[in-house]
Amino acid sequence: MNNNNFYEALELSLNDWKTLFANWNEPSFRAGQVCQWIYAKKVFNYHDMSNLSKELRTKLSENILLTMPIMIKQQKSQDGTKKFLWQLSDGNRIESVLLNHGGHKTACISSQVGCPLGCVFCYTGAMGFSRNLTRSEILGQFLMMEKVNGSDINNIVFMGMGEPLLNENNIFAAIRSLNDKNMRNLGARHITISTSGIVPGIEDLADFEVPLRLSLSLHAPNDALRNKLMPVNKQYNLQKLVNALRHYKERTGERITIEYALIDRVNDAPEYAYEMAALLDGLEPYINLIPFNTVPSRPDLKRSSESRIKEFCAALASLKIEYELRREKGSDIMAACGQLASSK
Ligand code: SAH
Ligand code: SF4
């Protein structure tokens, strides 16, 4: 239990709730009841928790805050993608995205206000870094989206603003609440962490108690190019990174997804496909090719032409590498990969 946040409901695990109720001389099943209201029924006001006594509801509301991000704006894309702008209790603003894949819903959640890693192609990176999100702010985005959506969301991906593995403790704590059977009960297979390549974080993920899905943002298959696009590569180069990925795969048995955004004449030559195949040899990754989304911070970077995308795909296919060419979602409302920021 984080003592600083003792009074914030979404900071508490099921055991924390049990301890709290024991201290209040309440039966321990109250913990499950309150968590059902919050995580299953999305009731964020103690006074509406009708199976608790009036006295207990009052005591809860006087002692345990139940703070949710405030929805400032909701935008809907032509393809059905929704983008939410939230305000946090200190006034900072973050965005989350709700994607719809043939009826299956995926929440794309932010882990930081901004990002310190400054990848040249990413709008979030261009806004700099303010702070990590707390466990409750991470959970709050998801639960509020479920409430607004009116039904459960099937999957969660940490692909919003920020680098999740630089905010490991809070991300892992939030995942424990999502995964707990008595809380949100979301299966580990429905939770994906995307990282730019924070090696110690990948090692910790390999040891995490539930096997999450891992997605690695590669975008360049050699150090010279990757150093230019993603400064984090200077700290954790490709050799260190690939070693960590191998360790992750051995430890968890999980298949890793590789994200590769095709930027016109920057990283889209077929040679890079061959180089990527050699780099990842033996890992049997699943490659997600993302058409680059333009960002206001770098108007010089353009999406690859259809013919260059085709050539890159043909090179991967000739190497018998499994890939998928993803079509971007939500780019008309700046909700696609790399386009999130603390917009007004
Ligand atoms: N910081 C983490 C997670 C958030 S970014 C990471 O980098 O993995 C989510 C994904 O969007 C990453 O794969 C990132 O590389 C990609 N991305 C960033 N800017 C992009 C852009 N302009 N076009 C396409 N993908 C982009
Ligand atoms: Fe940060 Fe990821 Fe954007 Fe890079 S791509 S700046 S790591 S959010």
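The values are calculated or read from the model by the stated rules, or taken from the named source; none is laboratory data. Please read all numbers here as calculations on a predicted model, not as lab measurements. Backbone-built Cβ (ideal geometry, glycine too); neighbour counts: all protein chains shown. Heads up: the accessible areas ignore ligands, DNA and RNA and are worked out on the full protein's heavy atoms, side chains in. Shrake-Rupley method; radii C 1.70, N 1.55, O 1.52, S 1.80 Å.
For PHE129, the residues whose amide H sits under 5 Å from its own are CYS115, ignoring neighbours fewer than 5 places away on the same chain, with H placed 1.01 Å from N.
Residue by residue, the stretch 247-255 carries 3J(HN,Hα) couplings of 4, 4, 5, 4, 5, 9, x, 8, 7 Hz when phi is fed to the Karplus relation 6.51 cos²θ - 1.76 cosθ + 1.60 (θ = phi - 60°); x denotes Gly or Pro. For the stretch 163-319, the Kirkwood estimate of the hydrodynamic radius, built from every pair of different alpha carbons, is 16.6 Å. Which number comes out as Rg/Rh for the chain once both Rg and the Kirkwood Rh are worked out on C-alpha atoms? Radius of gyration relative to Kirkwood radius: 1.00. Label-to-label distance, ASN23 versus LYS320, with points set 7 angstrom from Cα along the beta-carbon direction: 6.1 nm. Beyond 29 Å between alpha-carbons counts as too far, so tell me which of LYS82/LYS234; LYS228/LYS329; LYS54/LYS147; LYS181/LYS329; LYS41/LYS73 fall in that bin. Beyond 29 Å between Cα atoms: LYS82/LYS234; LYS181/LYS329. Listed values for the stretch 203-212 are Karplus-derived 3J(HN,Hα) couplings in whole Hz (6.51 cos²θ - 1.76 cosθ + 1.60, θ = phi - 60°), namely 5, 5, 5, 5, 9, 5, 5, 10, x, 7, and x replaces Gly and Pro.
Hydrodynamic analysis of the stretch 48-148 uses the Kirkwood radius over alpha carbon pairs. Inserted into Stokes-Einstein at 10 °C and 1.306 mPa s, it gives a translational diffusion coefficient of 102 µm²/s. Each Cα pair of the stretch 7-65 feeds into the Kirkwood radius, which the Stokes-Einstein equation turns, at 4 °C and 1.567 mPa s, into a diffusion coefficient of 115 µm²/s.
Compared with the alpha-carbon gap, the fully stretched path from SER151 to GLU209 is longer by 18.1 nm at 0.36 nm per residue.
One way to sum up the overall shape of the stretch 72-212 is the equivalent ellipsoid from its Cα gyration tensor, whose semi-axes run 21, 20, 14 Å, largest first. Seen from LEU212, the other residues with C-beta closer than 9 Å to its C-beta sum to a net charge of +1, counting Lys and Arg as +1 and Asp and Glu as -1.
Backbone amide hydrogens, once placed in the peptide plane, bring LEU65 within less than 5 Å of GLU8, ALA9, excluding anything fewer than 5 places away on its chain. Solvent-accessible area per residue in the chain equals 43 Å², computed with a 1.4 angstrom probe and all protein chains kept. The residues packed around SER110, meaning those with a beta-carbon under 11 Å from its beta-carbon, carry a net charge of -2 if Lys and Arg are +1 and Asp and Glu are -1. Computed over the stretch 95-241, relative contact order equals 22 percent, with contacts defined as Cα pairs under 8 Å that lie 6+ residues apart. Computed from backbone phi with θ = phi - 60° and the Karplus coefficients 6.51, -1.76 and 1.60, the 3J(HN,Hα) list for the stretch 229-236 is 7, 10, x, 4, 5, 5, 7, 10 Hz; x is used for glycine and proline. When shorter helices are ignored and each DSSP H run of at least 4 residues is given -39500 (n - 2.57), the per-residue value for the chain at 222 nm works out to -10000 deg cm²/dmol. Of all DSSP beta bridges confined to the stretch 70-333, the antiparallel ones make up roughly 50%.
Maximal additional length on extending the ASP300-HIS101 stretch stands at 68.5 nm, based on 0.36 nm per residue less the C-alpha distance. Between 0 and 90 degrees, the angle of helix 306-318 with respect to the longest Cα principal axis of the chain falls at about 90 degrees. Separation between the ARG327 and ASP223 pseudo-spin-labels, each 7 Å from Cα along Cα→Cβ, expressed in nm? In this crude spin-label approximation the distance works out to 4.1 nm. Across all directions, the average projected area of the convex hull around the alpha carbons of the stretch 233-344 is 8.6 nm².
Using the alpha carbons alone, the radius of gyration of the stretch 1-105 stands to its Kirkwood radius in an Rg to Rh ratio of 1.06. Residues whose amide H falls under 5 Å from that of LEU262, counting only those 5 or more places apart or on a different chain, are ILE290, PHE292, with hydrogens built in the peptide plane.
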